[in-house]
Structures are given as C-alpha cells and as structure tokens.
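A.B. asks: Here it is, the structure, as structure tokens.
What follows draws every value from the coordinates through simple rules; no lab data is involved. Predicted, not measured: the structure shown is a model, and the values here were computed from it. For neighbour counting, all protein chains shown are included, and Cβ atoms are generated from backbone atoms with ideal geometry for every residue, glycine included.
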Amino acid sequence: MTAAKPITDDKFTRLVAGIPIPTPSPRSFGIFITIFAVMAGLLLAYLPGYRQALIKKERAAVESHVAPYGQALSATVFEKAGIVYGVTAFAKSNRDIPANSEMFNRFASGLIPRDKSIVTIGISPGGVILNIYPPSSKSLGLDLLHDRRPDVRRDVAKTIQARKAMIAGPVLHASGKTVMVIRDPIFNENGSFWGITNVAFDKELLIQGSGIDELDKTLDIGVKEQAGDNLDMDKTIFARDPVIVTVAVPGETWLIGARPKQGWEGAIKADYWSFAAGGLGLIFVLATLMTGAIDRQNILVRAVARRTAELAEKNDIISNTFNGTVNALASFAEHKDPYTVGHERHVVQIAMAVAEKMDMPKERREGLRIAAALHDVGKMYVPMEILSKPGKLSDLELSMIKVHPTYSHEVLKEIDFPWPVAEIVLQHHERMDGSGYPQGLKGEDILLEARILAVADVIEAMASHRPYRSASTLNKALAEIKKNRGLLYDAAVVDATLAVFKQGFKLTER
Ligand SMILES: [Fe+2]
C-alpha cells in the first residue's frame, strides 16, 4: 500500500472547482471558538506555574547580584579586626603600661589617620579603660564589666567567654556617632582574664566601605545581625520576602536582605504579560490555521463525493452506449439470416448459465456474453442464398460458411475490448480433438470461453429449426454433446450444460 500523496494547491483548486467555499461558515466559527477556548484554557492553567518560575529566576538573579557585595562586606570587617589584633599585640607586650601613657598615645595616633572609620581605640586591663585614644572621647576610667548599659555589659561578657574577637553594636558612642565595636579579650599565661582591647568603628563607613550602598538602585537593601538587630539601611526589608545573603564577621553572621523596589510581582510583570499576550496571539493563529485545515478537509470531502458521482454518471452513459452498440451489431447480424432469428440471444442465455455453473468470475463472464452475442457477426459477408438454402450444401458452399468466424474476428479485433472477444469468436467452431475450424486448435489451446460458446451454439442450433439441417429436439441435442463429451466438446463444459438443463433451464422466447 502506498502512502497517500499530499493534495497540492493545484490539485485542490481543480478538485473544488465549481464547489462553493463558505467563508466563514457558522460551523467553522464554532470550531474556531472551541479550539481557541481549549488552548486558552491550557494556557491559563499553565500561567501560575510560569509566574512562579519567573519569580524563582528573578530571585536567583538578585541573589547572584548581591552575593559579591556580601563577600566584600565580610572582607572589610575582617580587615578591621586586623587593626584590633594589632592593638591586642601592643597591649600584650606592654601589660604594665601606666594609665593613658605617652607610648600608647603615640601608637594609637599613628593608626587613626590611616583608617578614617576608626572612632576610638582603647585598652582596658581588668575591664576598666585605662588607655583611650583620642583622649577627648571621655570614656577614660569606664568599667566595661559594670557598664550601666546592659547590652554593652552583655557583649563584653560574651567576648570574654568566647575567648576570641567579636563584633558588637550598633551603639551610640559618646562622640555622637553610631559605632560597631570589635573587642578582643587578653588572657594571662595561667588562662585568667587580663583585660580587653576595644576599637570602635563608624558604622556607616564600615558597612558602606564594602560598596554595598552603591548597589543597584532598583533594589531595596537591608543589613542585620543574625540575632535580629538592624544594622543598616532598610529596616522593613526582612518582613517583605527578601533574598538573603549571609555575611561572616568576627564572632557572628550578618544577613543582607534584598528585594526589587517594585516587589517580585512588579519585577516579572513585563515578562509575564508579554508571555501571556504572545501565547494568546499564537493560540489565535493556531486556531485559525486549524479551523482552515478542517474547512479545507470538508471542502475536499464534498468535492471528491461530487466528482465521484459525476464519474459514476458518465460511466453509466458509456456503459449504456457500449451495450446498445453491441446489441445493435448482434441484431444486424441476426437479421442477415432470417432462419436463425433469436439464435444469438439464446446462445447468450445458455453460455451465461453454463459459465455461472462453472463459477467463472463475473468480470470474465461479461466478455463471454459479448462474444456470444456477436459470434456470427461475420455471417454478414456470407451470401444470403447460401445461408438460407434448404437441404444439403455443396463443399464449396460449406467452405464459404466456414469462413464466417474469421470474418467475425476481422470485424471485432478492431474494437479495444477489455476481454479477448475477437479470439473467443474466432475459436467458436474449434473442437477438442482438433477437427474444428478455422485453425484446427486442440484441447486447452482453445479458450475456455470458446469451449463454452461451442457447446451453447451446438445446443441452440440443434434445438431450433435450421434450413440446412432437419429439426431436432433439445434431447437429441443434449444426447449429441453427451456422446461427444471429451471428444468434440470439453468434458467439464458438457457436465455443466447437462446439469443446467437437468435443473430446468429454459430459453426465454421473444
Ligand atoms: Fe457460428
């Protein structure tokens, strides 16, 4: 089976020529609405998932944008811790330093101009501030272990307990600035507490030194301690579903929260709506194309049905014309010989009954039918006197009659039948033993149709009146073919013929 070839536009145009194309039919509008509604429904069902995916993508983009600033902030704070470790080293090597000594002042005054974020530097043996720079900071003598501000006291205690540098704050400094304090505890060789160093850094300069304040102006940013205290910028950000970036600092972790100023929904709005609108547009186009395809299919079906009906009608006309021509030719031949009126018609009836009995395919029987109707058409060329002469014929007269199958063949071979009609007709006087004429063919060299036609012709001729032969009965005719079964006539054809008449076959009279 070969695959159907696609209908090209050219073929389509020819097929549908003259068939009205409804555009747009109410039916195709209904189809369009249905297709559009189904696809739009699918799109609507898909949209919430798409929205979530867009938000997820946006959050990942903000996080990867903010993360480097978090790392920079961490690095900045650890760099400040380095200054504190320097102060601790100074304190450790000068444990017997007198209060507010000249040596300390020289050391500290060297650090402050180098780092503008340093607000104060202090050393507190036993927790009491004995050395502080600049001296104007007025915290000299303050007992950090008994500070009246509970959060300061708590932060100092935590640092001593942790035995390592920790950052604390923000606190309001005596200078009026908000500071972050990095403290580093110092222990004696026996592990007992000796004292603590403190460096206070301007909070704004500390955090903004990382460049975080330069971050994209489309973002809301906040920084807070993990414990909860807000350190810088937007205090409300953490309640508004931000992206969180963690920042490691001495002794704890800070969090940076970031969110688009217009919110997550606002940030994806443009992408979301262009996708939804684009999807709807695409669905509209698809629905239009599919409706068109269905319409085109319907038009094709109607066109093929109409063309098929037209072809069937033409076929009927041709078939009727053909049958009429065959019948006209047969009756012309028949009337040439007035003594054999009805012969061809009777031969057709007998041959058809025998062929059916022998299960010959219907298609092939049609060829036999035409051959039977036209088998004596060549008698047109035999002189009327010989055909109608009563009594015995001379050898010359017989030979003139015997040429009629050849004449019939001559006439019919010019017609392009789908069956071997001319050959069947040529062989209808051949006999199984080779005693027939005109070719003297034997056995199966004779076409089966010709073998059937021969028996039908003999039966009809013997059962009817012939001028050149005395009248005979049907029984005599049947006895004749039975006697010559397998000799002159095909055995199977004889058997089928006898069976047909035994079952009561009758010739229809005019
Ligand atoms: Fe004949």
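A.B. asks: At a 10 angstrom cut-off on C-beta neighbours, averaged per residue, how do the peptides 431-440, 251-260 rank from highest to lowest? Present the calculation step by step, with values, prior to reporting the outcome.
C.D. replies: On the way: 431-440: 16.4, 251-260: 20.7.
Going by the mean number of other Cβ atoms within 10 Å, highest first, we get 251-260, 431-440.
A.B. asks: Run the simple label-point estimate for E414 and F332 please: 7 Å along Cα→C-beta, distance reported in nm.
C.D. replies: 1.0 nm
A.B. asks: In whole Hz and in residue order, list the ³J(HN,Hα) couplings for region 162-167 that follow from phi through the Karplus curve 6.51 cos²θ - 1.76 cosθ + 1.60, θ = phi - 60°; x for Gly and Pro.
C.D. replies: Per-residue couplings from phi come out as 6, 6, 8, 4, 9, 9 Hz.
A.B. asks: Within a Cβ distance under 12 Å of V500, other residues only, what is the Lys/Arg minus Asp/Glu net charge? Don't skip to the end; give the middle numbers.
C.D. replies: Details: positive: K357, K502, K506; negative: E356, D495.
Around V500, the charge tally is +1.
A.B. asks: Now, a different point. For D115 and K402 in one chain, what is 0.36 nm times their gap in residues minus the Cα-Cα distance, to one decimal in nm? Can you show the working numbers first?
C.D. replies: On the way: separation 287, 0.36 × 287 = 103.32 nm, distance 13.99 nm.
89.3 nm is the gain from fully extending D115 to K402.
A.B. asks: Run down the aspartates and glutamates and flag those whose C-alpha is under 12 Å from the C-alpha of K413, throwing out any fewer than 8 positions away in its chain.
C.D. replies: E423
A.B. asks: Work out from phi, with θ = phi - 60° and the Karplus expression 6.51 cos²θ - 1.76 cosθ + 1.60, the ³J(HN,Hα) of each residue of region 356-373, listed in order in whole Hz, and give x for Gly and Pro.
C.D. replies: Going residue by residue, I get 5, 4, 8, 6, 5, x, 4, 4, 6, 4, 5, x, 5, 4, 5, 4, 5, 5 Hz, with x marking Gly and Pro.
A.B. asks: Setting aside same-chain residues fewer than 8 positions from K92, which lysines have a Cα under 30 Å from its Cα?
C.D. replies: Partners within reach: K80, K116, K138, K158, K164, K177, K203.
A.B. asks: For the pair I318 and K442, how long in nm is the line joining their label points, each one 7 Å along Cα→Cβ?
C.D. replies: 4.3 nm
A.B. asks: Taking neighbour counts of Cβ atoms within 10 Å as a proxy for exposure, in what order, fewest first, do I118, I299, I123 appear?
C.D. replies: Values: I118 22, I299 17, I123 27.
The fewest-first ordering by Cβ neighbours comes to I299, I118, I123.
A.B. asks: Follow-up question, since we're still on this one. Give me the net charge of G440's neighbourhood, meaning all other residues with Cβ under 11 Å from the Cβ of G440; Lys, Arg count +1, Asp, Glu -1. Let's see the in-between values first.
C.D. replies: On the way: positive: R431, K442; negative: E430, D433, D445.
Result for the neighbourhood of G440: -1.
A.B. asks: Same structure again: Quick one: putting +1 on the C-beta of Lys and Arg, -1 on the C-beta of Asp and Glu, what dipole do you get for the chain around its Cα centre, in Debye to the nearest 20? Could the numbers behind the result be given before it?
C.D. replies: Details: 61 positive and 58 negative charges, 206 e Å.
Dipole about the Cα centre, nearest 20: 1000 debye.
A.B. asks: Okay, next question. Would you be so kind as to identify which of S464, V38, P170 lies farthest towards the positive end of the dipole of the chain, taking Lys and Arg as +1 and Asp and Glu as -1 on Cβ and the Cα centre as origin?
C.D. replies: The residue sitting farthest along the positive end of the dipole is P170.
A.B. asks: First check a/c for region 319-502, with a ≥ b ≥ c the square roots of the eigenvalues of its C-alpha gyration tensor; if it is under 1.5, answer rounded, and if not, answer prolate when a/b is larger than b/c or oblate otherwise. Show your work: numbers first, answer last.
C.D. replies: Numbers: a/c = 1.36, a/b = 1.03, b/c = 1.31.
Taking the square roots of the gyration eigenvalues as a ≥ b ≥ c, region 319-502 is rounded.
A.B. asks: Among Y85, Y407, what is the fewest-to-most ranking by other Cβ atoms within 10 Å? Present the calculation step by step, with values, prior to reporting the outcome.
C.D. replies: Values: Y85 15, Y407 18.
In increasing order of surrounding Cβ atoms, one gets Y85, Y407.
A.B. asks: Sticking with this one: Hey, got the dipole for region 319-502? About the Cα centre, +1 on K and R Cβ, -1 on D and E Cβ, debye to the nearest 20?
C.D. replies: Working: 22 positive and 25 negative charges, 135 e Å.
It works out to roughly 640 debye.
A.B. asks: Which pairs break 24 Å Cα to Cα here: K392/K502; K217/K269; K357/K379?
C.D. replies: Values: K392/K502 33 Å; K217/K269 19 Å; K357/K379 30 Å.
Table pairs above 24 Å Cα-Cα are K392/K502; K357/K379.
A.B. asks: What is the local net charge at N188, summed over the other residues whose Cβ is closer than 14 Å to its Cβ (Lys, Arg +1; Asp, Glu -1)?
C.D. replies: Values: positive: K92, R95, R163; negative: D96, E189.
Neighbour charge sum, excluding N188 itself: +1.
A.B. asks: Under 5 Å between amide hydrogens, which residues at least 5 positions from E252 or on another chain qualify, with H placed 1.01 Å from N in the peptide plane?
C.D. replies: Placed amide hydrogens put I167 under 5 Å from E252.
A.B. asks: In terms of modelled amide H atoms, which long-range or inter-chain residues lie less than 5 Å from the amide H of I186?
C.D. replies: W194, G195, I196, T197
A.B. asks: Check which residues have an amide H placed less than 5 Å from T178's amide H, if you skip close sequence neighbours.
C.D. replies: H173, K203
A.B. asks: Between region 88-141 and region 244-264, how many Å separate their Cα centres?
C.D. replies: 33 Å
A.B. asks: If you rank K138, K506, K413, K224 by fewest surrounding Cβ atoms within 10 Å, what's the result?
C.D. replies: Working: K138 11, K506 8, K413 15, K224 20.
Ordered by Cβ neighbours within 10 Å, fewest first: K506, K138, K413, K224.
A.B. asks: What ³J(HN,Hα) values, in whole Hz, does the Karplus curve 6.51 cos²θ - 1.76 cosθ + 1.60 give for region 444-449 when θ = phi - 60°, with x put for Gly and Pro?
C.D. replies: Working through the residues one at a time gives 7, 5, 8, 4, 4, 4 Hz.
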